[in-house]
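*Asks:* Here it is: the structure, laid out below.
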Amino acid sequence: MLNYQDFGLKKDNLYEVIATTYSYQQENKAIQPNASCMGIRIIEGGQIQISPFYSTTTYKNLEDYNIITINFVDNVYLYALAALKDSKSPIGLTDFPSKYYSFKHLKSRSMDVPYITNSWGIIVGKVSHEFQKTRRDDLGEIMIPVFILDIIFTERFQESNKLFNRAENLALETIILATRLKVANQNQNKTQFIQIHKKIVDHIENIEKFGKNKNALKAIELINDYINKLID
């Protein structure tokens, strides 16, 4: 069973991670990795709960292959890359950069799974079961899937349970807001778009006041480019 202290995790707390899944390219049988920002929660029995939206590649890959890697990453810029990539990206960020992927061979499963090279630790989970629930937030009410994962592999690469500083925490919140801004834009909900955009601008102003966190500033630069293209 997962030792929570190894990763600094506590039961029932929500943690933001980068989740990597994979699919197979039929033409050459190559593994196609995918990275996305995801919230996870440790639940009773040492399992992990995760809720990707139905429309995402993460959901499709979990449905098809049942395996996911939870990456603990302390570089907030990588969260921005994972969150803002889109096949129709206004900034041309269609994929998470391949240079950040590595593969871990799981001897017990005779398989390779993708993970983020910059992770200080990873947990590999296998889908135990799935159900759906109603989610309510400022974008409305929708049905979302919920996957319960059994932990089949863990590894620590570095001695780090790094906590984000204030600038990084604000940058992470801003990344999440940017993904909501995209949804509001797609739904042509002008009121929500204006409200979310104002929060983003406020966060960016505060982050720029700190001024010394390189990764947070890189993330904000990417977000600025992204939202400016949405507004154009």
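*Asks:* Looking for whichever is in a strand (DSSP E or B) and surrounded by 17 or more Cβ atoms within 10 Å (Cβ to Cβ) here; the options are Ser119, Ser36, Ser23. Which one fits?
*Replies:* One residue alone meets the criteria, Ser36.
*Asks:* Restricting the search to the stretch 54-97, which residues are closer than 15 Å to Ser23 by Cα and not hydroxyl-bearing (Ser, Thr, Tyr)?
*Replies:* Lys60, Asn61, Leu62, Glu63, Asp64, Asn66, Ile67, Ile68, Asp95, Phe96
*Asks:* Counting only residues that are in contact (Cβ under 8 Å) with a residue 24 or more places away in the chain and more than 17 Å from Thr154 (Cβ to Cβ), how many does the stretch 99-114 have?
*Replies:* At the first step, the residues of the stretch 99-114 found to be in contact (Cβ under 8 Å) with a residue 24 or more places away in the chain are 100-101, 103-104, 106, 108-109, 111-114.
Checking which are more than 17 Å from Thr154 (Cβ to Cβ) leaves us with 100-101.
Of the residues in the stretch 99-114, 2 are in contact (Cβ under 8 Å) with a residue 24 or more places away in the chain and more than 17 Å from Thr154 (Cβ to Cβ).
*Asks:* Just for the stretch 106-116: of the residues that are at pLDDT below 95 and surrounded by 10 or more Cβ atoms within 10 Å (Cβ to Cβ), which one is farthest from Asn215 (Cα to Cα)?
*Replies:* First pass over the stretch 106-116, keeping only residues at pLDDT below 95: 106-112.
So of that shortlist, the ones also surrounded by 10 or more Cβ atoms within 10 Å (Cβ to Cβ) come out as 106, 109, 111-112.
Working: Leu106: 32, Arg109: 36, Met111: 33, Asp112: 30 Å.
Applying the filter and picking the extreme gives Arg109.
*Asks:* A further question on this structure: Only one residue in Arg180, Arg135 is surrounded by 14 or more Cβ atoms within 10 Å (Cβ to Cβ), assigned by TED's automatic domain parsing to the domain that holds His105 and out of contact with any Cys (no Cβ under 8 Å at 6 or more places or on another chain), so which one is that?
*Replies:* Values: Arg180 fails: assigned by TED's automatic domain parsing to the domain that holds His105.
One residue alone meets the criteria, Arg135.
*Asks:* OK, next. Looking at Val146, Val124, can you tell me which residue is touching a residue at least 60 places away in the same chain (Cβ under 8 Å) and surrounded by 13 or more Cβ atoms within 10 Å (Cβ to Cβ)?
*Replies:* Exactly one of Val146, Val124 is touching a residue at least 60 places away in the same chain (Cβ under 8 Å) and surrounded by 13 or more Cβ atoms within 10 Å (Cβ to Cβ), namely Val146.
*Asks:* Any residue in the stretch 50-60 that is in contact (Cβ under 8 Å) with a residue 24 or more places away in the chain and either in a strand (DSSP E or B) or of a type in the set (A, V, I, L, M) (or both)?
*Replies:* Initially, the stretch 50-60 is screened for residues in contact (Cβ under 8 Å) with a residue 24 or more places away in the chain, giving 50-54, 57-60.
Those left that are additionally either in a strand (DSSP E or B) or of a type in the set (A, V, I, L, M) (or both): 50.
Checked against the condition, which is being in contact (Cβ under 8 Å) with a residue 24 or more places away in the chain and either in a strand (DSSP E or B) or of a type in the set (A, V, I, L, M) (or both), the stretch 50-60 yields at least one hit.
*Asks:* Sticking with this structure for a sec: Quickly run through the stretch 165-189 and pick out the residues that are within 18 Å of Pro90 (Cβ to Cβ) and free of Cβ contacts under 8 Å to residues at least 60 places away in the same chain.
*Replies:* Result: Thr174, Leu177, Arg180, Leu181, Val183, Ala184, Asn185, Gln186, Asn187, Gln188, Asn189.
The values are calculated or read from the model by the stated rules, or taken from the named source; none is laboratory data. In this text the structure is predicted, and so the values were computed from the model without any measurement. Neighbour counts are summed over all protein chains in view; Cβ atoms, including those assigned to glycine, are modelled from backbone coordinates with ideal geometry.
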